[in-house]
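Worksheet for the structure shown next.
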Amino acid sequence: MFEIPLPFVVALLLAILLVRLTLRGPAGPVGRSMRIFVAASLALVIMVGLRWQFDLLIFRFLRPLFAAMLPPIAWMCFAALGAEERSQTRWRWLHVIPVLAIFIASLTWRQWHIQVDFLIAVQFAGYGIALMVLASRGEDRFAQARLGDVGSVRGIVAVVGGALIFSGLVDGLIALDFSITQGTNVATIVGTAQLVVLVVLALLMVRLERLSPQTTKLTDSVTEPVLSQHKDDPQDNNDIAADDAILAAIDEVMHAQHLYRDPDLTLDRLARRVVIPARQISGAINRRFGRNVSQVVNEYRVAEAQMLLRTTEKPVTEIMFDCGFQTKSNFNREFGRVTGMGPRAYRDAADQRVPDQPFGPIRKLFSENARSREQG
């Protein structure tokens, strides 16, 4: 009976995932990062399969080299989703150092007998931990991802980081097995690792399904950016006045340019429009609202949806797309979070037909602050 080695089964699944990302995956930097990482993983898995299936000298040499290149590729793909990381290209050459060290160790193995698999294990674990830390950071570290997709992207980065840590553990076990039993259990270790990789692929597919569907990307050259008087870091991050100035600049572009209608809106794009660093925007919104940027932008979308439900007879689905939402589940969830009811129930409620609130969360906040000062 014809059997396909397990590494090639994993390679087939990775190839399917790559095709899926190319045809139906997210647009922009997130989609590009995912495609590059999956393509690099596919190349490595194929090389692993060739190494353990044919055991030729060329594959023995190339397998650690392919493995050494994957962690830096993963880091550069996902760290590049931040707004500020793009300007740090002068440090990217440092990622060549571990790859070069593993290449030299492989090239001189017969003379020095350096444990190449141990070096790979340390490299994978280090990059995996770094990616896990990256996944735990704020929205500004994923400023080029769509605001509604940041949570899923962070989950993908966490899965990739965990997979690298696991791969480092596997390479460490391989190095240990070669030093103790001359590689007697390597086939079992590799086979078990490939099964775990299948689970990781399944997790990635689940996370990918949560990303917004691909849409046409809007450029930032349509309108001129609004200049802000607060380009520099505030002297005190807890300064309410400085935070409110940032919020006022955001509110201006939301009202003047209806930026929230853009389904592909990212924190990076918002930062360019108001000429304020993404980190300051994220920090000001978190401090003043206790919510993230995505939730506040969705509140603008919900505010317009409320207005359209009150004043027009448009179908709910049409209103959903007009306001910048892309999926009915997200629209219903955010509408319920803001109003406490569904959009159809809101339209049917007679007492909701007269607007009694300022448009958008920032103006509501400013209005509440003004009333508090008057009463105080």
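Every number here is computed from the coordinates shown, using simple stated rules; none is lab data. Note that the structure is a prediction, hence the values are computed from the model and not measured. Using ideal geometry, Cβ is built from the backbone for each residue, glycine included, and neighbour counts are taken over all protein chains shown.
Taking 7 Å steps out from each Cα toward its Cβ at Ser136 and Ile240 produces label points 3.2 nm apart. Remark: spin-label model distance Phe321-Val96 equals 4.9 nm, labels positioned 7 Å along the Cα→Cβ axis. With Cα atoms as the point set, region 240-375 shows a radius of gyration and Dmax of 15.1, 43 Å.
Descending by average beta-carbon neighbour count within 10 Å, the peptides 140-151, 114-125, 246-257 line up as 140-151, 114-125, 246-257, the highest first.
Along the charge dipole of region 1-151, which of Gly31, Leu134, Val122 sits closest to the positive end, that is, farthest toward it, with unit charges on the beta carbon of Lys, Arg, Asp and Glu (+1, +1, -1, -1)? Of the listed residues, the answer is Gly31.
Sorting 306-316, 43-53 by average packing, meaning the other beta carbons within 10 Å per residue, from highest down gives 43-53, 306-316. In this calculation the C-beta distance from Thr22 to Arg344 is compared with R0 = 30 Å, giving a FRET efficiency of 0.20.
What the Cβ-Cβ distance of Ser179 and Leu57 gives, at R0 = 22 Å and to the nearest 0.05, is a FRET efficiency of 0.60. Of the peptides 289-302, 99-112, the order by per-residue mean of other Cβ atoms within 10 Å, starting with the highest, comes out as 289-302, 99-112.
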